[in-house]
1. So for Ser287, Ser250, Ser118, Ser308, fewest C-beta neighbours within 10 Å to most, what's the order?
2. Please tell me the relative contact order of the chain in percent, rounded to the nearest whole number, where contacts are Cα pairs under 8 Å and at least six residues apart.
3. Determine, from the Cβ-Cβ distance of Thr36 and Ser241 and an R0 of 22 Å, the FRET efficiency 1/(1 + (r/R0)^6), rounded to the nearest 0.05.
4. What net charge is computed for the residues neighbouring Ala183, neighbours being all others with C-beta under 11 Å from the C-beta of Ala183, Lys and Arg scored +1, Asp and Glu -1?
5. Cα-based Rg of segment 133-253 per 2.2 N^0.38 Å, rounded to two decimals?
6. Starting from 0 in steps of 10 Å, tell me what percent of the Cα-Cα pairs of segment 34-130 lands in each bin.
7. Can you give the extra length, in nm with one decimal, that the chain gains between His146 and Leu372 once fully stretched, where that is 0.36 nm per residue apart less the Cα-Cα distance?
8. What residues of segment 201-230 lie in the reach of a label at Leu296, counting those whose backbone N is under 20 Å from a point 7 Å from the Cα along Cα→Cβ?
Amino acid sequence: MSNNNFITLANAGIAHLTPYQPGKPISELEREYNITDAIKLASNENPLGPSPKAATAIQQHLHELAIYPDGNAFSLKRQLAQLHAVDEAQITIGNGSNEILELVARVYLAPGRNAVFSQHAFAVYPIVTQACGANAKIARPNPFDHDQPYGHSLENMLACIDEQTRVIMIANPNNPTGTWLTAKQLRHFLQAVPEDVIVVIDEAYSEYVSYADYPDCSLWLSDFPNLIVTRTFSKIYGLASLRVGYGLASAVISDLLNRARQPFNVNSLAQVAALAAISDQDFKQQSIELNQAGMLQLTQGLSELGLSPLPSAANFLSFKVGESGTQVFDRLLTKGVIVRPIDNYQMPGYIRVTIGTESQNTKFLQALAQIL
Ligand SMILES: *Cc1c(COP(=O)(O)O)cnc(C)c1O
């Protein structure tokens, strides 16, 4: 049989899928260009590394590697239930919060159904939707002259909902734009969405947001039985490599998500590290402060280069560098700096840079100044 046939034999959604493009690893760049001291500001990871308490917890549990993890993540769930004042039955632990998105898609999407999300939203939404053979209904974003340029337009998203819509996915703040939605806007939206449409609010960067009108949507779960809130340990907690995140929802929805997941989807080191990281308030605070200082440093530095980033509530900035973000990305690579071109988010000419340590930010700004 020819290879082409194997493609046509695949489920249609998968056969037409464009794979997610991960950030380039530092080791690969250093090998390719024969350089050292490269920095990666490409995947919105925590420049401080993992919470030290999480690292210690991992060392203490290494002897458990031969044993299957606790499939119900008992201790982690108990801690999260306390943190969010929800019942343990309302929690689904995922292999990264991306797995929660995938579970939602597998539970609620199928051919003939659709998911609504915004243009320029997180790249995983179209992937999980299409992988289930469902349709994506892509809402027009805010125009560029809006105070949240290219951000989600909840009005346009509402207008996309039809009889076949089962899921809506919203990132707050959104990646790669950095734009965010206020409590008032989101509550109003949730009140307007039909009760039988699931709304996922992805709060991967919530811990970084300092605006008073930014909502913690986990507090609204009892008001909206169709709401799912996702959180992650990959960003502020610095545990991206361990793959652990979670979803909060009604007990009924959570039960369905838990039925669909693999029995041992989150490994034991991820569970103990996440548990330790939650209680490491000092590390969290330090991460927030470093991010705020870095946000100022980068905004100022970019402005001196005549560049103005989109307003961001998260730990990254996106801005237009010219005709091709990929071209600037390639030239930054030669200087040992990995960022993210976001041409593939229909934002041609844009790159996204993660806010790093002071010295990483300086290195990035100097490299960018040399290129431009
Ligand atoms: C980084 C990111 C995540 C995190 O995914 P994990 O699977 O938890 O690592 C989720 N949503 C958005 C919008 C992100 O940018």
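1. Ascending Cβ contact count within 10 Å gives the list Ser308, Ser250, Ser287, Ser118.
2. Once normalised by length, the contact order is 23 percent.
3. Once the sixth-power term is evaluated, E becomes 0.55.
4. 0
5. This ratio for segment 133-253 stands at 1.06.
6. With a bin width of 10 Å, the distribution comes to 11, 26, 33, 23, 6, 0.
7. Between His146 and Leu372, full extension yields 78.6 nm more.
8. 208-212
Every read-out reported here was derived from the displayed coordinates using simple, explicitly stated rules and does not represent laboratory data. Remember, it's a predicted structure, so these values are computed and weren't measured experimentally. Cβ atoms come from the backbone with ideal geometry, glycine included; neighbour counts cover every protein chain shown.
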